[in-house]
Amino acid sequence: MVRAEIITIGDEILYGQILDTNTQWISLELDKLGIKTVRKSSVGDQIDEIVQILKEAQKRADVVFITGGLGPTKDDLTKKILADFFGCSLAYHAEALQDVTDFFAKRGRELSDLNRDQALLPTKCTFIPNKQGTAPAMWFNELDTIWISMPGVPFEMKSIMETEVLPRLVNYFKLPVIVHQLVKTVGIGESYLSDLIQDWELQLPSHIKLAYLPSLGIVKLRLTSFGDSAKSLHEQISHEFAKVMPLIKSYVFGYEKDELADVVGKLLIEQKSTLALAESCTGGYLAHQFTQHPGSSAYFLGGVLAYANEVKMNQLGVSSKILDEDGAVSDSCVIAMATGVRQMTGSTYALATSGIAGPEGGTPDKPVGTIWIALAHPNGVLAKKLTLGGTRIQNIHLTSLTSINLLRRFLLNDLAE
């Protein structure tokens, strides 16, 4: 197994001023090639600390990826540090100089001395062009390790990786085939899911490994296998998932990159149906889950953001009696909201939400996290109470997720419990 380490350089990363997305992206791409990332590290713009982490990485990894510190300013130290680390000097690289000259000429800008110095590279490196910027990448084969230094700007790094680095790694290393498959579930917690499928998990072949990947409201099951034939591995993993599907079918909403709202939207399109929303506690977040996906206009008609009781009454037809006797956080209120917006828009289905997202507003009878949701359909209305206990944004997210899943299960005729 080829072992990799990823090092990000820059004080701005340690200060939290810039979100490091590079390491995650690089890890995912390496994983596809069968290269195992064994360590990820971030280090500030301190020469001694950078040198120390390079020494440590050399002991652990077969290939080391370094991002950041290649700009033209004085705080960009990576090239000089690498030159010293590998015992060589910096010199102008002809091809790199031509690239940076052309870069500025195409934009009608003058090449300054500072920009020209972007072409100063360690003499032991192999030049890797950067088609998206002025700082070239560098490849070193030193100390029994491959070292790859790239700009920290994500779109520049990704371009270099995709066009130059990944193909070179495939040619340099003898790499295994690694296959992952993801099944995405909703409406069941990780521990309950684990209990449900434990017998299946125990009988998995030794070369197929299961991982649980939980996030807020969703648990992904990932099967991974190594071998020589991608086709054979995909078939084996698919066979194993087919065995467990009868147990988890009600919870499975998709695979790989599927998103719940998009999956439900496609079901609505297939069934030639439309959707409208009446939102109180979710504050438009539920609508965003649908409209962020291209093509949502084919089924999503619109909605009412009825945060105030006056809007619930005036726009959705919720009676003052319901609000006075049962309150806005009640089954009768969300039923009226869902019915009202469905009638207003002429949609096939309507979802409604009302609750106490927190952190304030709770009472002994209705503590923070008390939520009611409703689904209005051609034959009536379904209402469901949620008792959540998270932060405000967690409660909003889970309410939206549960509402969408309620609609999903209704569309699939899968609401028997």
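Please verify whether residue 94 is exposed (fewer than 12 other Cβ atoms within 10 Å of the Cβ), at pLDDT 90 or above and among the aliphatic types (A, V, I, L, M), treating the condition exactly as stated. Give the steps one after another, and end with the answer.
Details: exposed (fewer than 12 other Cβ atoms within 10 Å of the Cβ): yes; at pLDDT 90 or above: yes; among the aliphatic types (A, V, I, L, M): yes.
When the stated conditions are applied, residue 94 passes them.
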Exercise for review: Provide a single number: the residues in segment 50-60 that are surrounded by fewer than 13 Cβ atoms within 10 Å (Cβ to Cβ) and either among the charged types (D, E, K, R) or outside any helix (DSSP H, G or I) (or both).
Suggested key: 2
Review point. Out of all the residues in segment 315-330, is one or more under 36 Å from the mean Cα position of the chain (by Cα), in a helix (DSSP H, G or I) and touching a residue at least 40 places away in the same chain (Cβ under 8 Å)?
Key: no
Review point. For residues in segment 62-83 being in contact (Cβ under 8 Å) with a residue 12 or more places away in the chain and part of a helix (DSSP H, G or I), which is most open to solvent (accessible area, probe 1.4 Å)?
Key: 79
**Study point:** Cβ-Cβ under 6 Å pairs, at least 6 apart or on other chains, segment 11-29 side touching a residue at least 12 places away in the same chain (Cβ under 8 Å) and within 13 Å of residue 40 (Cα to Cα), far side surrounded by 15 or more Cβ atoms within 10 Å (Cβ to Cβ) and of a type in the set (A, V, I, L, M, F, W, C)
**Key:** 20/13; 22/157; 23/6; 26/6; 26/65
Practice item. Select from segment 286-316 the residues that are surrounded by fewer than 21 Cβ atoms within 10 Å (Cβ to Cβ), within 26 Å of residue 268 (Cα to Cα) and of a type in the set (Gly, Ala, Ser) and list them in ascending order. Key: 295, 296, 297, 298, 302
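For segment 96-124, give me each residue that is farther than 17 Å from residue 79 by Cα and assigned to a helix (DSSP H, G or I).
Keep residues of segment 96-124 that are farther than 17 Å from residue 79 by Cα, which gives 98-99, 101-112.
Scanning segment 96-124 gives 98, 99, 101, 102, 103, 104, 105, 106.
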Review point. Does segment 339-346 include one or more residues that are crowded, with 18+ Cβ neighbours inside 10 Å, within 25 Å of residue 415 (Cα to Cα), modelled with pLDDT of 95 or more and basic (Lys, Arg)?
Key: yes
Practice item. Give the residue that is surrounded by the most Cβ atoms within 10 Å (Cβ to Cβ), with candidates limited to residues of segment 1-47 that are aliphatic (A, V, I, L, M) and part of a loop (DSSP other than H, G, I, E, B). Key: 18
Exercise for review: Any residue in segment 282-304 that's on the phi < 0 side of the Ramachandran plot: show its pairings with residues that are open to solvent by 60 Å² or more (accessible area, probe 1.4 Å) and polar (S, T, N, Q) at Cβ separation under 7 Å, as long as the two are six or more apart or on different chains.
Suggested key: 300/291; 304/315
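Within the bounds of segment 164-186, is there any residue that is among the acidic types (Asp, Glu), at pLDDT 95 or above and under 28 Å from residue 238 (Cβ atoms)?
Going residue by residue through segment 164-186, those that are among the acidic types (Asp, Glu) are 164.
Applying the additional criterion that residues be at pLDDT 95 or above yields 164.
Pick out the ones that are also under 28 Å from residue 238 (Cβ atoms) and you get none.
No, segment 164-186 contains no residue that is among the acidic types (Asp, Glu), at pLDDT 95 or above and under 28 Å from residue 238 (Cβ atoms).
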Practice item. For residues that are over 29 Å from the mean Cα position of the chain (by Cα) and open to solvent by 30 Å² or more (accessible area, probe 1.4 Å), scanning just segment 116-132, find the one that is farthest from residue 82 (Cα to Cα). Key: 116
Study note, to complete from the structure: residue 135 vs (1) at pLDDT below 95; (2) open to solvent by less than 50 Å² (accessible area, probe 1.4 Å); (3) closer than 20 Å to residue 34 by Cβ: all pass except (3)
**Study point:** Scope segment 97-115; condition among the hydrophobic types (A, V, I, L, M, F, W, C) and surrounded by 12 or more Cβ atoms within 10 Å (Cβ to Cβ); matching residues
**Key:** 97, 100, 103, 104, 111
Exercise for review: State yes or no: is residue 269 under 23 Å from residue 415 (Cβ atoms), among the aliphatic types (A, V, I, L, M) and open to solvent by 60 Å² or more (accessible area, probe 1.4 Å)?
Suggested key: yes
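Please enumerate the residues belonging to segment 145-161 that are in contact (Cβ under 8 Å) with a residue 60 or more places away in the chain and open to solvent by 20 Å² or more (accessible area, probe 1.4 Å). Break it down stepwise before answering.
Kept after step one, since they are in contact (Cβ under 8 Å) with a residue 60 or more places away in the chain, are these residues of segment 145-161: 145-152, 154, 157-158, 161.
Across segment 145-161, the qualifying residues are 152, 154, 158.
Find the residue count for segment 347-384, including only residues that are in a loop (DSSP other than H, G, I, E, B), buried (at least 21 other Cβ atoms within 10 Å of the Cβ) and free of Cβ contacts under 8 Å to residues at least 60 places away in the same chain. So that I can check it myself, show each step before the final result.
Going residue by residue through segment 347-384, those that are in a loop (DSSP other than H, G, I, E, B) are 347-348, 356-369, 378-379.
Filter once more, keeping what is buried (at least 21 other Cβ atoms within 10 Å of the Cβ): 347, 356-358, 369.
Narrowing the set further to residues that are free of Cβ contacts under 8 Å to residues at least 60 places away in the same chain leaves 358, 369.
Matching residues across segment 347-384 total 2.
The values are calculated or read from the model by the stated rules, or taken from the named source; none is laboratory data. Note that the structure is a prediction, hence the values are computed from the model and not measured. Cβ: placed from backbone, ideal geometry, glycine included. Neighbour counts: every protein chain shown. What goes into the accessible areas is simple: the full protein's heavy atoms, side chains included, and nothing from ligands, DNA or RNA. Shrake-Rupley method; radii C 1.70, N 1.55, O 1.52, S 1.80 Å.
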